[in-house]
Amino acid sequence: MLNVVFALVTVLAWGTWLAPSQHVPMKGQQTRTFYVTLAVLLVAIVAAFFQGYQGLTLRTSWLPFLGGIIWALSGLCAFVGTQRLGMAKAFGIWSPLNIIVSILWGIILFGEFLHTGTFNIVLAIVSFVVIIGGILMIIFAGSEGGSTKQSGAVVYGYLGALGAGIGWASYFIPIRISGLSMWVAMLPLAAGMFVGGAVICVVSKSSLHLEKPSHYFRVMSTGLLWTIGNYCALLMMEHLGTGKGFTIAQLCVVVNALLGIFWEHTPRPGTRAAYLTLAGVVVATIGAAVLGNLN
């Protein structure tokens, strides 16, 4: 029963974490990145107080800290992607890419899957083709009846989604090299996320001012939802294993697609673009689920 609870909370939290701050007006996505990473850091400090931080030293912390900076840059890419493409499209592109890139890193850096059987190799190739097919469905779905964003903005949106797909599949690598558990590494990771978000704001000279007091809560709640999903995913993976747990977590892309279409109306519900986007998300998720469970 606990596994079901952890799975539901993970899928719902990661499927909705972008929604609260999606329509908060701000001059740049750097500001959103700052407040989201601030919320993650505050939760990590509270969690560390109860969980403890055995084994954390300056020497062991710098790699997770570096991972946090990579996360912050990826978060900025994701926010640009969702702003320019809408949640359904952007999430549907970067989520399957997370699995593809993470598996490639596993092969290149850690020698994973090199001694797998012929059947698994064939299944991996088929899954890869299915994922690419799903992503192409999302990309070519268009924005029929919905947004009329300029083509230049759309290009930046695709680049942002691709950046999030590569970056969020890479930030775990320094943590894995460090040898720390994700529970212990979460504090320096969150610190790196916050420092990365702050540096991005300073370099871009972004204002931290938001128009209404309620906007601060909405942007911070985005970070809170991501963190809740992250901790529940860790608990789920402890009980079910990393492969199965991570695969279940990817169901959040379906929740996000439904929100993007029926709440954000990008693309507008009932249009061909909406149906094609949702179909692409489902196809890509199925391929990613199979690929994520290969041994």
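Residues Gly196, Gly160, Gly165: which one is of a type outside the set (Asp, Glu), buried (at least 18 other Cβ atoms within 10 Å of the Cβ) and within 19 Å of Leu42 (Cα to Cα)?
Gly196
If you go through segment 132-169, how many residues are more than 24 Å from Gly270 (Cα to Cα) and at pLDDT 85 or above?
13
Being of a type in the set (A, V, I, L, M), crowded, with 16+ Cβ neighbours inside 10 Å and under 20 Å from Ser102 (Cβ atoms) is true for just one of Leu294, Leu210. Which residue is that?
Leu294
Within segment 176-234, count every residue that is outside any loop (DSSP other than H, G, I, E, B), more than 27 Å from Phe6 (Cα to Cα) and among the hydroxyl-bearing types (Ser, Thr, Tyr).
3
With outside any helix (DSSP H, G or I), modelled with pLDDT of 90 or more and not basic (Lys, Arg) as the only criterion, which of Val46, Val24, Val40 stands out?
Every option except Val24 fails the conditions.
Of all residues being aliphatic (A, V, I, L, M) and either modelled with pLDDT under 85 or not in a helix (DSSP H, G or I) (or both) in segment 92-103, which is surrounded by the fewest Cβ atoms within 10 Å (Cβ to Cβ)? Just the residue, please.
Ranking the candidates gives Ile103 first.
Would you be able to say whether some residue in segment 51-59 is in contact with a Cys (Cβ under 6 Å, 6 or more places away or on another chain), closer than 24 Å to Gly192 by Cα and among the polar types (S, T, N, Q)? Steps first, please.
If we filter segment 51-59 for residues that are in contact with a Cys (Cβ under 6 Å, 6 or more places away or on another chain), which is where we start, we get none.
No, segment 51-59 contains no residue that is in contact with a Cys (Cβ under 6 Å, 6 or more places away or on another chain), closer than 24 Å to Gly192 by Cα and among the polar types (S, T, N, Q).
Name, by its number, the condition in (1) of a type outside the set (D, E, K, R); (2) surrounded by fewer than 21 Cβ atoms within 10 Å (Cβ to Cβ); (3) free of Cβ contacts under 8 Å to residues at least 60 places away in the same chain that does not hold for Leu2.
(3)
Which residues, taken from segment 104-127, are part of a helix (DSSP H, G or I), of a type outside the set (A, V, I, L, M) and over 19 Å from the mean Cα position of the chain (by Cα)?
Narrowing segment 104-127 to residues part of a helix (DSSP H, G or I): 104-110, 118-127.
Adding the requirement that they be of a type outside the set (A, V, I, L, M) leaves 105-106, 110, 118-120, 127.
Correct list: Phe110, Thr118, Phe119, Asn120, Ser127.
Which residue pairs have Cβ atoms closer than 9 Å, lie 6 or more positions apart in sequence or on different chains, and pair a first residue in segment 266-283 that is under 16 Å from Ile131 (Cβ atoms) and among the hydrophobic types (A, V, I, L, M, F, W, C) with a second residue that is surrounded by fewer than 16 Cβ atoms within 10 Å (Cβ to Cβ) and modelled with pLDDT of 85 or more?
Matching pairs, first to second residue: Val283/Gly133.
How about segment 233-291: which of its residues are at pLDDT below 80, over 20 Å from Ala88 (Cα atoms), small (Gly, Ala, Ser) and surrounded by 16 or more Cβ atoms within 10 Å (Cβ to Cβ)?
Gly245
Give me a count of the residues in segment 162-175 that are assigned to a loop (DSSP other than H, G, I, E, B) and farther than 18 Å from Thr37 by Cβ.
Looking only at segment 162-175, we keep the residues that are assigned to a loop (DSSP other than H, G, I, E, B), and these are 168-171.
Narrowing the set further to residues that are farther than 18 Å from Thr37 by Cβ leaves 169.
Counting residues in segment 162-175 that are assigned to a loop (DSSP other than H, G, I, E, B) and farther than 18 Å from Thr37 by Cβ gives 1.
Select from segment 1-21 the residues that are outside any helix (DSSP H, G or I), within 15 Å of the chain's Cα centre (by Cα) and more than 20 Å from Gly196 (Cβ to Cβ) and list them in ascending order.
The one that is outside any helix (DSSP H, G or I), within 15 Å of the chain's Cα centre (by Cα) and more than 20 Å from Gly196 (Cβ to Cβ): Ala19.
Just one of Gln51, Gln30 is in contact (Cβ under 8 Å) with a residue 60 or more places away in the chain, surrounded by fewer than 22 Cβ atoms within 10 Å (Cβ to Cβ) and of a type in the set (S, T, N, Q); which is it?
Gln51
The values are calculated or read from the model by the stated rules, or taken from the named source; none is laboratory data. Given the structure is predicted, the values throughout are model-derived calculations rather than measurements. Methodologically, a virtual Cβ is constructed for each residue, glycine included, from the backbone with ideal geometry; neighbour enumeration extends over all protein chains shown.
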